[in-house]
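The values are calculated or read from the model by the stated rules, or taken from the named source; none is laboratory data. Keep in mind that what you see is a predicted model, and the values were worked out from it rather than measured. For neighbour counting, all protein chains shown are included, and Cβ atoms are generated from backbone atoms with ideal geometry for every residue, glycine included. Accessible surface is based on the protein model in full, side chains and every heavy atom, while ligands, DNA and RNA are left aside. Shrake-Rupley method; radii C 1.70, N 1.55, O 1.52, S 1.80 Å.
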Amino acid sequence: MIQRFLLVTITIVLSASFLSAQTRDNKKFKDAVYLMDNEAYEEAKDLFAELLNEDENDVEVLYNLGYCEMSLGAHEKSIAHFEKLYSVLPPEELTGSVGIDVQSFIGMNYQLMLKPEKAIDLYVKVLEDVDPSNEIVVNNLRRQIEHCENAIELMAKPVKLEVTNLGPEVNSKYDDHSPLISADESLLFLTSRRASSYSDLLPDGQYAERIYFSDKEEDGKWDKAKSLKELFRKKGHEAGVCLSIDGTELYIFRNDIGGSNLYHSTFDGEDWTEPVKLPEPINSRYNETHASISPDNSTLYFTSNREGGVGGLDIYRVRRLPNGEWAKPENMSVLNTPYDEETPMIHPDGKTLYFSSEGHNSMGKFDIFYSQLQEDGEWSAPQNIGYPINTPDDDFFFVPTATQNIAYYASSKYEGSLGGSDIYLVEYEEPEINRLAVFKGTIQTGDGPLENVRIYVSDAETNAEVGAYKPHPGTGKYVLILEAEKKYKILYAGEGYEEEQALVDVEREMAYKKSTQTMTLNDTQMKYIVPVATESEMAAVQMDESDGIPYYTIQFVSLKEPLKSYDKFVENGLDTELIKVYECKDGWFRYAYGAFKGYKATLKAKSTTFGNIKIWDDAFVREIKQYDNLVKEKTE
């Protein structure tokens, strides 16, 4: 999407006498402006073209038509409209705000056409006509010249790469973006503006953003993307921004009434949970737009325009404390600029952060950069990932994989697009160092809870800690990403368990290359030496979570009006004594079943109780304390 490039203002300010001579269909003009403001450029262009047939010198029509054509990528047509406009301006406006604005749009077109030298020549000429005291215009023009100089340098050293469209099974004729991939590249999430029964048609001719997913089949092809069905489908946009390496945790962007916020949903082995808003200090009264979680789930990188930042949207880092809560976010000032930073994506190696920025040595608008965590704990100066991945237009959504030379990327600039932006696979030169291997395993604990179990990985030669991982609390599954040509010690430990150890030798051949290959570790049997409490014993302790193991429930239905009768529940064999209804602040009544110690016990109860009840087949496991932030405050 091309954002408006304005040096002064979108409204052409001409003398009243100049405009008074023009006659036009003002209703049609207003309709066209409305469509353009809502980014329906194709429809707006057609209306402006009709108006231009009525008066070929209508400066406002020429201005807006030029902008529409630029937004649609028709740069030569855009230049022709702006040059025509410039030719009919009164002499006093040629070097005034309007003339400068028009010439700057022509320069932007040259930039987008990858003709930075022509753009520089034009910007230098415009600078000669600008009053030096007009710092805003002067600085913007100099910034565009800097972008052009960066483009010349980067285009002289293009990155060798192959780009492959993921095809009609994944992409649509609408905008598809924000690809998210699991570590083994078997599961893909994307955000799409395609038509669905869950999204509304918007004025720009596309539908509200919704999240879709696709599974990779045995032959390596992606199956047809399906919508991710949520219990609550909010109006407006909803986009996926981050997927954990094991594919069981999804971070979501939502436009709320008070601003943009980040949410979190988990996969319990069968269903995705209702998204839960991330707490302060991650979300704030400002806008939080994107997030990325580290491979060990210990650090979240996110963007926010909160006060105290370096520029507009900044990248922040926040660490998870031992008790599961989040610490105070820190501004990653070495990455941030006076402009906007967006879409941070931490590499599966946990040490390389990709992000988009309007600053640094951008070719124009947002470019993709990366920074690496050094041995001293500092982040390196950002490096531009290069041309042709980056262009003078906006470049976002670069998602790295465990395969060091493969990434997923959303773009509308390649030929053969199915419509709007599409999802692509990008392959570039294979690195000779830091190759990574993906290992999957499962911890078996019988009926023992998994919340306190940790997987500690260390270098077998130096004993240096590599990472601490957690298995899924319900299934015991886990994913490790390890650097090749090293040996590692793996310690499985947890309160109430006998420790288990393993030694893993990661050979070079195990590292990811061009095809997906995942190493499978033998199941680890851990003996739980603390007796599992009975249901009556658990009830007696009144949900004591001092041992770090939360209580969960099974949320199975949500309604806008409370039920007057529980007959339907009784018909399906539910014990009504175990049903609790929560009247929530968002106007929904959430019905939950039981209270169970530990995720695994709850998952077992869900299978036993709801496994054969089709009308509630989307029931999911939920931590009980989450309702504290949802329920209405009772009034006296």
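I'd like the residue in region 411-430 that is part of a strand (DSSP E or B) and of a type in the set (A, V, I, L, M) and, out of all such residues, is most open to solvent (accessible area, probe 1.4 Å).
Going residue by residue through region 411-430, those that are part of a strand (DSSP E or B) are 411, 422-428.
Next cut, of a type in the set (A, V, I, L, M) only: 423, 425-426.
On the way: 423: 0, 425: 34, 426: 1 Å².
For region 411-430, the residue satisfying everything is 425.
Quick one: in region 51-81, which of the residues that are open to solvent by 10 Å² or more (accessible area, probe 1.4 Å) and among the hydrophobic types (A, V, I, L, M, F, W, C) is nearest to residue 33 (Cα to Cα)? Steps first, please.
Just the residues of region 51-81 that are open to solvent by 10 Å² or more (accessible area, probe 1.4 Å), to begin with: 52-57, 60, 64, 69, 71-77, 79-81.
Imposing the further condition that a residue be among the hydrophobic types (A, V, I, L, M, F, W, C) reduces the set to 52, 72, 74, 79-80.
Numbers: 52: 14, 72: 15, 74: 19, 79: 20, 80: 20 Å.
The selected residue is 52.
Mind listing whichever residues of region 431-454 are β-branched (Val, Ile, Thr), within 29 Å of the chain's Cα centre (by Cα) and open to solvent by less than 10 Å² (accessible area, probe 1.4 Å)?
Taking region 431-454 as the starting set, the residues that turn out to be β-branched (Val, Ile, Thr) are 433, 438, 442-443, 445, 453.
So of that shortlist, the ones also within 29 Å of the chain's Cα centre (by Cα) come out as 433, 438, 442.
438, the sole residue that qualifies.
Which ones in region 582-627 are acidic (Asp, Glu), farther than 14 Å from residue 556 by Cβ and not in a strand (DSSP E or B)?
The answer is 586, and nothing else.
Output the residue which, of all residues in region 208-226 that are more than 24 Å from residue 474 (Cβ to Cβ) and open to solvent by less than 50 Å² (accessible area, probe 1.4 Å), is farthest from the chain's Cα centre (by Cα).
For region 208-226, the residue satisfying everything is 220.
Which of the residues belonging to region 350-401 are out of contact with any strand residue (DSSP E or B) (no Cβ under 6 Å at 6 or more places or on another chain) and small (Gly, Ala, Ser)?
Answer for region 350-401, where residues must be out of contact with any strand residue (DSSP E or B) (no Cβ under 6 Å at 6 or more places or on another chain) and small (Gly, Ala, Ser): 350, 359, 362, 364, 377, 381, 386.
Which strands (runs of 3 or more DSSP E) does region 319-410 wholly contain that include 1 or more residues that are closer than 28 Å to residue 280 by Cα and open to solvent by 40 Å² or more (accessible area, probe 1.4 Å)? Outline the logic, then answer.
Numbers: elements: 341-346, 352-357, 367-372, 398-400.
So the answer is 367-372.
So residue 266 clears everything in (1) open to solvent by 30 Å² or more (accessible area, probe 1.4 Å); (2) in a loop (DSSP other than H, G, I, E, B) except one condition, right? Which one?
(2)
Counting only residues that are open to solvent by 30 Å² or more (accessible area, probe 1.4 Å) and in contact (Cβ under 8 Å) with a residue 60 or more places away in the chain, how many does region 281-318 have?
Number satisfying all stated conditions: 3.
What are the pairs, 6+ residues apart or on separate chains, where a residue within region 169-189 that is at negative phi has its Cβ under 6 Å from a residue that is at pLDDT 95 or above and of a type in the set (Lys, Arg)?
169/224
Name the residues in region 455-472 that are in a strand (DSSP E or B) and surrounded by fewer than 16 Cβ atoms within 10 Å (Cβ to Cβ), would you? Step through it out loud before you land on a result.
So the first thing to find is which residues in region 455-472 are in a strand (DSSP E or B), and the list is 455-459, 465-469.
Selection gives 459, 465, 468.
Output yes when any residue across region 118-141 is closer than 12 Å to residue 392 by Cα and modelled with pLDDT of 95 or more, and no when none is. Even if it seems obvious, please write down each step before you answer.
The first filter runs over region 118-141 and keeps only residues closer than 12 Å to residue 392 by Cα, leaving 119.
In the following step, the residues that additionally are modelled with pLDDT of 95 or more were identified as 119.
Within region 118-141, one or more residues are closer than 12 Å to residue 392 by Cα and modelled with pLDDT of 95 or more.
Does region 507-527 include one or more residues that are farther than 30 Å from residue 482 by Cβ, at pLDDT below 95 and β-branched (Val, Ile, Thr)? It would help to see each step written out before you state the result.
Here is the first cut: in region 507-527, the residues farther than 30 Å from residue 482 by Cβ are none.
Scanning region 507-527 turns up no residue that is farther than 30 Å from residue 482 by Cβ, at pLDDT below 95 and β-branched (Val, Ile, Thr).
Open to solvent by less than 10 Å² (accessible area, probe 1.4 Å) and of a type in the set (D, E, K, R), is that true of residue 176?
On the way: open to solvent by less than 10 Å² (accessible area, probe 1.4 Å): yes; of a type in the set (D, E, K, R): yes.
Yes.
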